[in-house]
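Engineer: What follows is a single structure, and I will ask about it in a moment.
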Amino acid sequence: MQFDVSPADLDETRWPDEPPGVYVERLAREKTQACGGPEDVVVAADTAVVSGGVIMGKPAHPAEARSMLTRLQGERHDVFTGVAVRRGEEVASAVDVAVVEMLPMTADEIEAYVATGEPMDKAGSYALQGRGGLFVSTVVGSPFTVIGLPVHLLPRLIRAVGVDPDVVLAPV
């Protein structure tokens, strides 16, 4: 099985009053339509961090990353990841949620982390699988949801579009 990675070029603007779970699932579904051919199995995901009712996507600039990390440090927040699988006209999707607790961070720690560049393409400005993981004390739920692809949902979604998950998910 051959795998290709294709960034989806689409408008990721949140609709007015769109709940976080609906938002990430809609974007994941739209991304499957923007990539691949008609018979390809396309997997797409989108993640949002939610703190105090505020949805945080990827920061636009380092100052926004610092602001997000300052807000998240020492607090709990929710991470919503929508995942969708498409084959032909069939699309199956789901949303998973994890709760993350961040350690307190000093302004110097935040500044040093932002300077690495890692936060700049991550929802909420941190990467659990990278240096940002050093600032996470607890994850309730799947760590893969926080990383951005809740892999435990894939077999069911792949099956829902008429494909044997063992064929798609078999080791290479």
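Engineer: Of all residues in the range 154-172 being farther than 17 Å from Val97 by Cβ and charged (D, E, K, R), which is nearest to the chain's Cα centre (by Cα)?
Structural biologist: Filtering the range 154-172 for residues that are farther than 17 Å from Val97 by Cβ and charged (D, E, K, R), the one nearest to the chain's Cα centre (by Cα) comes out as Arg159.
Engineer: Provide a single number: the residues in the range 115-131 that are of a type in the set (Gly, Ala, Ser) and in contact with a Lys or Arg (Cβ under 7 Å, 6 or more places away or on another chain).
Structural biologist: Qualifying residue count, the range 115-131: 1.
Engineer: Okay, next question. Cβ contacts < 6 Å: first residue over 20 Å from Val50 (Cβ atoms), restricted to the range 6-32; second residue of a type in the set (Phe, Trp, Tyr) and open to solvent by less than 50 Å² (accessible area, probe 1.4 Å), any location; separation 6+ or different chain. Result?
Structural biologist: none
Engineer: Counting only residues that are open to solvent by 10 Å² or more (accessible area, probe 1.4 Å) and of a type in the set (Gly, Ala, Ser), which one in the range 60-91 is farthest from Ala8 (Cα to Cα)?
Structural biologist: Gly74
Engineer: Next question. Taking the range 1-51, which residues are buried (at least 18 other Cβ atoms within 10 Å of the Cβ) and aliphatic (A, V, I, L, M)?
Structural biologist: Selection gives Val24, Leu27, Ala28, Val41, Val42, Val43, Ala44, Ala45, Ala48, Val49, Val50.
The values are calculated or read from the model by the stated rules, or taken from the named source; none is laboratory data. Keep in mind it's a predicted model, so treat the numbers as computed, not measured. In this analysis, Cβ positions are derived from the backbone assuming ideal geometry, glycine residues included, and neighbour counts consider all displayed protein chains. When the accessible area is computed, the model is the full protein with side chains, heavy atoms only, and any ligands, DNA or RNA have been set aside. Shrake-Rupley method; radii C 1.70, N 1.55, O 1.52, S 1.80 Å.
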